[in-house]
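Coordinate-derived values only; no laboratory data. Nothing here was measured: the structure is a model prediction, and the numbers come from that model. Don't worry about glycine lacking a Cβ; one is built from the backbone with ideal geometry, like all the others, and counts go over all protein chains shown.
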Amino acid sequence: MSDRFCLRGCTRRGEHWAVCPDYGREDGTCRGCVQVEARDGALVCERCYRSLRRHLEDAADLVGHLRSLADPTKAAPIARGAGGSRVEAPAPVAADLIDASDDIVRTLRAWALYVQFGEGHPWRVEGLEAGIDGADAYTDAAGCAEVILDALDGIANDSHQSLALCEGVMVVHPGDPDVWSIADAAARWPLDEEPRWAPVPCPACDLLTVRVEPHRGRRPTRYRCASDGCGWEANALDDGGLWSAVFADPVQILADDDHPRHDPDLLTLSAAARVAGRTVGTIRTWVSSGDLARHLGRVRRDDVIAVKARKEGVRV
Ligand SMILES: [Zn+2]
Ligand SMILES: [Zn+2]
Ligand SMILES: [Zn+2]
C-alpha cells in the first residue's frame, strides 16, 4: 500500500481527522479532511487517475465533435478580430468551439511531443490548422492521445508533470476558461454516449446510479457513477477485469459458456493490454505491425512480455 496522498488534495467525504472541529459531527462545514491515498505507483488518487485517463481517451472524439459543431459545412472558421468594427459584438458561439478545440489539440500535441522527445525538443506547438476537417482533427488528436496514454503511468508519478497534465486535461474551470481543458469542453459540449443504467449499485456510494458506456473504438466499456459527489468510475480492464464481471450482461455470460477454457497462456487483446500495461490499441498495433503473432485471435503471454521489453528498450 502507498502512504502518499493524492497530490491534488482529494479528501474522503465525511471523514475527519481528530483535530478537525467537525470531527464526530454530521452538521459541520468541513466536507471531509482525511486525504485520499495516491494510487499505487502514482502521485494522484485512483479517482483522479481514472478521470485523466477517461478524458484522454475521449479527447479525439471530443475534438471531432467540436469541429463538427463549429463548422458543420467544413467551411473556414469564422474570422475574428479582422477589422475593428465587430470588437464590441459578443463573440459568436463558433469562436468558443474553435478556441476549445484549438486549446485541446495544443495541449495534446505539447504532451505528445514532450513524451516522445523530452523537454528540449525544437518544435513549436501549434493549434489546429485553419479549416482542417473533423476527420483529420480526430486522427491528429487520437495519435497524440495514444502517445500520452501510453506514458500516463510515468507522468502520474511525477509531481510537476502530473499536476500540469491534470490542469490541461481534467480540471474544470469556472466560467469561460482562459485555456480550455478537455474537461471544460466535455462539460460544455458533452459527447452523446447513449449510456444505459447498470442494475447493480455503485461500489462506492451503494446507489443504483452507475452508467455503463459501451466500449467505443479502442476504449473499453466504462462504468461511471452519476450520483452527486461520488465520482466513482472504472473500466472493463480495471482491477483485474472485476467490473466487467460485476456489471456484465447476461448475454455475455452465456456467450462465454459457449467458449470454455482457452489455453491460459493465450490472452485476449484486453488481457494482453493488462499484462503489458498498455492500451488495447497499442497491442493491436503490435499485431498489425507483425511484432506480435496472433493465435486463434489471441496472443501468447510470453510474446507480449518480450515485445513490451523490446519496445521499452527502444523508447528511451
Ligand atoms: Zn474535517
Ligand atoms: Zn485525487
Ligand atoms: Zn457512486
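Observations, loosely collected:
- Using a Gaussian network model of the chain in which every pair of alpha carbons under 10 angstrom is joined by a spring, one finds that among 207, 267, 152 the greatest mean-square fluctuation is at 207.
- Here each label is just a point 7 Å from Cα along the line to Cβ, and for residue 136 and residue 94 those points are 1.7 nm apart.
- Fluctuation leader among 199, 190, 21 - the chain, Gaussian network, Cα springs under 10 angstrom: 21
- Here the stretch 142-250 is treated with +1 on each Lys and Arg Cβ and -1 on each Asp and Glu Cβ, and its dipole about the Cα centre works out to around 320 debye.
- Positive-end extreme of charge dipole, the chain - chosen from 69, 156, 107 (charges on Cβ): 156
- A cut-off of 5 Å between modelled amide H atoms, ignoring neighbours fewer than 5 places along the same chain, links residue 158 with 43.
- At R0 = 35 Å, FRET efficiency that the Cβ-Cβ distance of residue 228 and residue 40 yields, to 0.05: 0.80
- Shape analysis of the chain based on the Cα gyration tensor places the equivalent ellipsoid semi-axes at 33, 29, 21 Å, largest first.
- Modelled label positions at residue 245 and residue 200, each set 7 Å beyond Cα in the direction of Cβ, lie 0.9 nm from each other.
- Remark on residue 36: its backbone amide H falls under 5 Å from those of 6, 10, 11, 12, a criterion applied only to residues 5 or more positions apart or on other chains, H modelled at 1.01 Å from N.
- When each of the peptides 163-169, 278-284, 53-59 is scored by how many other beta carbons lie within 10 Å of its residues on average, the order from highest to lowest is 53-59, 278-284, 163-169.
- Rounded to the nearest 20 debye, dipole of the chain from Cβ charges on Lys, Arg, Asp, Glu: 580
- Computed about its Cα centre, the charge dipole of the stretch 203-249 is approximately 300 debye, with only Lys, Arg, Asp and Glu carrying charge at their Cβ.
- At R0 = 35 Å, FRET efficiency that the Cβ-Cβ distance of residue 19 and residue 158 yields, to 0.05: 0.65
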